[in-house]
Amino acid sequence: MYLFYAQKENIDEENGTARLYGEDVNHIKNVLRLETGEHVIICDGQGTDFECIITGREKESISLAISEKRPSMGELFNRISLYQGLPKKDKFEFIVQKSVELGAARIIPVNMARTIVKIKDPSKEESRIKRYQGICESAAKQSKRGVIPKVENIMELEKAIEDAGKECDIILVPYENAKGMEYTKEILSDIDTYERIGIFIGPEGGFEESEIELIKAAGGKVISLGHRILRTETAGLAVLSMIMLRCEK
């Protein structure tokens, strides 16, 4: 069944109806060619799914009848924040898409010492974040997420560490000079007991040692991902996959 997101105010649980507007109308009519009587899933973006039957195809909206309400199955219990050292544009778009598919709730681009891309124009940052958020929503829809993850504005490392201290119960930092995999396995063995998990990933040039020390001072757990050096667009996805394996119910 296809999944679409609807604004909370467009879902009338009392009367058992819902309505879709915007780009979804054209997609349903002209791309998917769904007709009245067909079933779709409507999500409120806050963790609740509604199985619905299409009852009308108007010019600017799709009307639906709600047949079942249930908690979204596409969410982990754990809220994962990915603090990603800002890479080149195409790499970050890939990271956003795949980290949403793997369960991340927040993606935070972070300026670090070895970040290659430097965005000085606020208007460019705003347009980039808007584009990344669109990728987020598309990936969430494709993977049937119950919540649309958020791409935050770019943070400096110190600000990101402060944010993680408030938003995360445990902070993981993959680093090539970390202890062996036994320590990683030990840390991940009970990762499912943490409600809020933070992951720090270095940019293309990697972390500077001083940055690792800053994150460690804030309680970060420095872990290894094995003997191979992973690219910035691979490392976060590897950690997310490990966490998903432990936390998926």
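Here is the figure for region 83-116: residues that are buried (at least 17 other Cβ atoms within 10 Å of the Cβ) and either over 13 Å from the mean Cα position of the chain (by Cα) or not assigned by TED's automatic domain parsing to the domain that holds PHE200 (or both) total 8.
Looking across region 206-225 at every residue that is of a type in the set (Val, Ile, Thr) and touching a residue at least 40 places away in the same chain (Cβ under 8 Å), the one that is nearest to VAL239 (Cα to Cα) is identified as ILE223. At least 3 residues being touching a Ser or Thr at 6+ places or on another chain (Cβ under 8 Å), aliphatic (A, V, I, L, M) and on the phi < 0 side of the Ramachandran plot is the threshold, and among the strands (runs of 3 or more DSSP E) wholly inside region 134-241 those reaching it are 196-201. The residues in region 5-42 that are in a strand (DSSP E or B) and touching a Leu at 6+ places or on another chain (Cβ under 6 Å) can be counted, and the count is 2. When you scan region 62-77, how many residues do you find that are under 28 Å from VAL100 (Cβ atoms), among the hydroxyl-bearing types (Ser, Thr, Tyr) and at pLDDT 95 or above? Result for region 62-77: 1.
For LYS159, state whether it is without any contact (Cβ under 8 Å) to a residue 24 or more places away in the chain, out of contact with any helix residue (DSSP H, G or I) (no Cβ under 9 Å at 6 or more places or on another chain) and of a type in the set (D, E, K, R). Criteria met by LYS159. Looking at LYS130, LYS144, just one residue is at pLDDT below 95, in contact with a Leu (Cβ under 6 Å, 6 or more places away or on another chain) and not β-branched (Val, Ile, Thr), and that residue is LYS144. Based on this model, can you work out whether GLU167 counts as over 20 Å from the mean Cα position of the chain (by Cα) and among the acidic types (Asp, Glu)? Criteria not met by GLU167.
When we screen VAL110, VAL96, VAL31 for residues that are of a type in the set (A, V, I, L, M) and farther than 24 Å from GLU158 by Cβ, the only hit is VAL31. In this structure, ILE108 does not satisfy being among the β-branched types (Val, Ile, Thr) and assigned to a loop (DSSP other than H, G, I, E, B).
Within region 196-212, work out how many residues are more than 16 Å from GLY85 (Cα to Cα) and either surrounded by 20 or more Cβ atoms within 10 Å (Cβ to Cβ) or at pLDDT below 95 (or both). Result for region 196-212: 1.
Candidates are the residues of region 208-249 that are of a type in the set (S, T, N, Q) and within 17 Å of LEU157 (Cβ to Cβ); the one that is nearest to the chain's Cα centre (by Cα) is THR232.
The values are calculated or read from the model by the stated rules, or taken from the named source; none is laboratory data. It should be emphasised that the depicted structure is a prediction, and the values quoted were computed from it without experimental measurement. With ideal geometry, Cβ positions are generated from the backbone for all residues, glycine too; neighbour counts draw on all protein chains shown.
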